[in-house]
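The values are calculated or read from the model by the stated rules, or taken from the named source; none is laboratory data. All values derive from a computational prediction rather than experimental measurement. Note that we place each Cβ from the backbone using ideal geometry, even for glycine, and neighbour counts take in every protein chain shown.
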Amino acid sequence: MLLIHPPVAKPGEPPAGIPRLAACLRAHGLPCTLLDASLEGLLYLLEGKRKPTDTWSIRAERNLKRNLAAIRTPELYTNQDRYQGLVRELNRVVEQSARAHGETELQLSLGNYQELGCSPLKSGELLAAARNHRGNLYFPYFQQRLRQLCDRHHFSRVGFSLNYLSQANTTFAMIGFLRSHYPELSIILGGGLITSWMSHPNWEDPFSRLVDHCIAGPGEQPLLALFGRQLSCSAPPDYSDLPLEHYLSPGLTLPYAASSGCYWNRCSFCPEEAEGNPYCPTDLTTIRRDLAHCCQTLRPSLLHFLDNALSPALMRSLITRPPGVPWYGFARVDHNLADPAFCRQLKAAGCVMLKLGLESGNQQVLDAMGKGISLELISATLRALEQAGIASYVYLLFGTPSETLSQARDTLEFTAKHHSAITFLNLAIFNMPLLGRDADRVESSQWSEDDLSLYRDFTHPLGWSRKKIRTFLDREFKRHPLIAPILHRDPPLFTSNHAPFFSQGFSLP
Ligand code: SF4
């Protein structure tokens with residue numbers, strides 16, 4: 001079986017899904033091959049010919065080889081301005097690759113692929129992407145690579161791990177190619193995005209003529225079932241097929257999911273809650289075995305926990321048995337994190353950064369969202385992390401149904417007051433989940449014709465429209481003298497994936 005991570009996903013670290021599936025298949029005696037087509041496709045594009053005309057693009061092209069080498073060295077991450085300039089130059093070359101393509105108008109960056117007139121939210125347009133696969137930017141790469149792999153290994157099945165909208169167009173183009181040239185192959189589609197699509201109660205598989213099996217949720221058991229096997233053992237993720245030295249980071253970042261779903265699962269705006277994904281933590285013994293194996297064999301520079309929220313039990317386990325490698329991930333504000341001694345222990349266990357969904361600096365808004373946290377607890381958590389020397393990557397959400405301008409200003413004040421404890425900031429405008437609790441309480445409708453959209457259009461009940469929010473963010477929030485420097489610090493394009501490399505006390509070997 002061939003397992004593919006399709007373009008485009010950020011190239012800072014290997015994918016987590018296909019190594020986990022590979023480990024499971026191999027542990028059950030089923031051979032498989034992994035392909036990170038996202039990274040390979042990017043490197044293929046960068047080797048291609050472009051004809052830059054403006055000064056910036058010409059300079060970016062001239063510096064390409066040097067920049068590609070530098071982004072993989074620790075030195076670059078000691079100089080934030082140089083890093084930011086270099087990432088923008090690299091991205092400039094990627095954008096120019098899209099222009100050189102010429103056949104379809106598309107927006108391309110290090111983390112995004114969007115064909116104009118081919119929306120990943122419309123099943124009809126994805127089916128068209130499969131039919132017109134020759135028009136895809138990555139066609140020259142994937143036709144050559146898929147032929148090479150399929151002709152050598154004679155696979156019976158090919159699985160795609162589709163997690164982001166930016167992967168959808170090319171996933172379907174690759175499927176279209178395989179369907180025309182290898183019609184005997186069984187095509188399987190899984191991953192986070194498919195899981196979200198399939199969670200809709202009205203899901204009627206629009207891809208049934210193209211894709212043999214769509215799998216929602218963890219893929220191990222359903223994949224084994226396709227081979228007539230049952231899950232009888234587990235094994236640490238197997239990254240052995242992936243080009244680990246080629247990712248665009250100063251050392252290997254290893255992603256690891258210690259759970260799926262969320263142990264809190266009560267935030268009204270959250271897709272996890274809306275999609276009804278169950279919380280499935282991996283047991284602590286298995287996590288310890290996996291981390292020990294991966295850290296010993298692969299010697300990563302950084303562990304990236306992919307959990308929606310690291311459970312207190314997992315954090316305590318990491319304190320007791322540190323993985324021996326710096327690590328970061330999402331955590332939920334709670335009384336443990338508000339305890340300075342606990343945060344010092346986390347720091348000693350290798351924690352360099354925690355991502356925190358604070359969402360709002362107004363208590364009523366937090367309560368209406370079901371966050372289950374108080375401003376006092378958030379404040380104590382930020383201070384405890386700051387004292388311990390753990391960086392915070394803070395997520396704020398504007399425009400939830402109960403928020404007004406006045407409450408958004410509370411968030412501004414709260415952020416400014418805690419500016420020294422907030423290392424990085426992400427600002428987002430609320431999207432109404434299609435299936436969320438709030439959807440029934442406000443005037444809303446599904447975005448027309450977007451049959452795969454996970455969100456719905458809604459009229460804000462208090463008149464706090466997206467336009468007004470953008471104006472507030474641009475004119476007030478982002479310009480605040482204590483907040484602007486935090487926003488400026490955010491690594492462009494790679495954002496939280498590279499942020500730990502800039503955290504206090506982080507050192508690469
Ligand atoms: S804590 Fe995070 S993942 Fe969990 S329900 Fe809330 S927003 Fe969703």
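If I go through the range 231-264 residue by residue, how many of them are within 19 Å of residue 3 (Cα to Cα) and assigned to a loop (DSSP other than H, G, I, E, B)?
So the count comes out to 13.
Within the range 270-287, track down each residue that is surrounded by 15 or more Cβ atoms within 10 Å (Cβ to Cβ), more than 16 Å from the ligand (Cβ to nearest atom) and part of a helix (DSSP H, G or I).
Correct list: 284, 287.
Among the residues of the range 49-76, how many are within 19 Å of residue 111 (Cβ to Cβ) and either outside any helix (DSSP H, G or I) or modelled with pLDDT under 95 (or both)?
Residues in the range 49-76 being within 19 Å of residue 111 (Cβ to Cβ) and either outside any helix (DSSP H, G or I) or modelled with pLDDT under 95 (or both): 2 in total.
Working carefully through the options 307, 290, find the one that is in contact (Cβ under 8 Å) with a residue 12 or more places away in the chain, within 16 Å of the ligand (Cβ to nearest atom) and buried (at least 16 other Cβ atoms within 10 Å of the Cβ).
That would be 307, the only listed residue that is in contact (Cβ under 8 Å) with a residue 12 or more places away in the chain, within 16 Å of the ligand (Cβ to nearest atom) and buried (at least 16 other Cβ atoms within 10 Å of the Cβ).
Look at the range 47-74 and say how many of its residues are under 23 Å from the mean Cα position of the chain (by Cα) and crowded, with 17+ Cβ neighbours inside 10 Å.
So the count comes out to 1.
For the range 409-426, state whether one or more residues are free of Cβ contacts under 8 Å to residues at least 12 places away in the same chain, of a type in the set (S, T, N, Q) and assigned by TED's automatic domain parsing to the domain that holds residue 491.
No - not one qualifying residue is present in the range 409-426.
For the range 27-43, does any single residue satisfy the condition of being assigned to a helix (DSSP H, G or I), over 22 Å from the mean Cα position of the chain (by Cα) and crowded, with 21+ Cβ neighbours inside 10 Å?
No - not one qualifying residue is present in the range 27-43.
Name the pairs whose Cβ atoms lie under 8 Å apart, with the first residue in the range 378-404 and acidic (Asp, Glu), the second in a helix (DSSP H, G or I), and 6 or more positions between them or separate chains?
Once the first residue is acidic (Asp, Glu) and sits in the range 378-404, its partners that are in a helix (DSSP H, G or I) give 386/420; 386/421; 403/365.
Give me the residue from the range 361-373 that is more than 20 Å from residue 339 (Cβ to Cβ) and of a type in the set (Gly, Ala, Ser) and, out of that set, nearest to the ligand (Cβ to nearest atom).
Applying the filter and picking the extreme gives 370.
Pick out, from the range 409-490, the strands (runs of 3 or more DSSP E) lying fully within it that include 2 or more residues that are modelled with pLDDT of 90 or more and over 30 Å from residue 206 (Cβ atoms).
424-429
From the residues in the range 310-360 that are out of contact with any Lys or Arg (no Cβ under 9 Å at 6 or more places or on another chain) and part of a strand (DSSP E or B), which one is nearest to the ligand (Cβ to nearest atom)?
Here the residue is 355.
Restricting the search to the range 295-309, which residues are over 15 Å from residue 354 (Cβ atoms), in contact with a strand residue (DSSP E or B) (Cβ under 9 Å, 6 or more places away or on another chain) and not in a loop (DSSP other than H, G, I, E, B)?
295, 298
For the range 73-101, what are the residues that are touching an Asp or Glu at 6+ places or on another chain (Cβ under 8 Å) and not polar (S, T, N, Q)?
Correct list: 93 only.
Within the range 374-391, can you find the residues that are buried (at least 23 other Cβ atoms within 10 Å of the Cβ) and either within 13 Å of the ligand (Cβ to nearest atom) or within 24 Å of residue 268 (Cβ to Cβ) (or both)?
Once the filter is applied, which keeps residues that are buried (at least 23 other Cβ atoms within 10 Å of the Cβ) and either within 13 Å of the ligand (Cβ to nearest atom) or within 24 Å of residue 268 (Cβ to Cβ) (or both), the range 374-391 yields 378, 381, 382.
Which one is surrounded by the most Cβ atoms within 10 Å (Cβ to Cβ) among residues in the range 222-239 that are within 19 Å of residue 287 (Cα to Cα) and within 25 Å of the chain's Cα centre (by Cα)?
My answer is 239.
Being outside the structural domain of residue 73 (by TED's automatic domain parsing), modelled with pLDDT of 95 or more, more than 24 Å from the chain's Cα centre (by Cα) and farther than 22 Å from residue 21 by Cβ narrows it down to one of 285, 320, so name that one.
From the options 285, 320, the qualifying one is 320.
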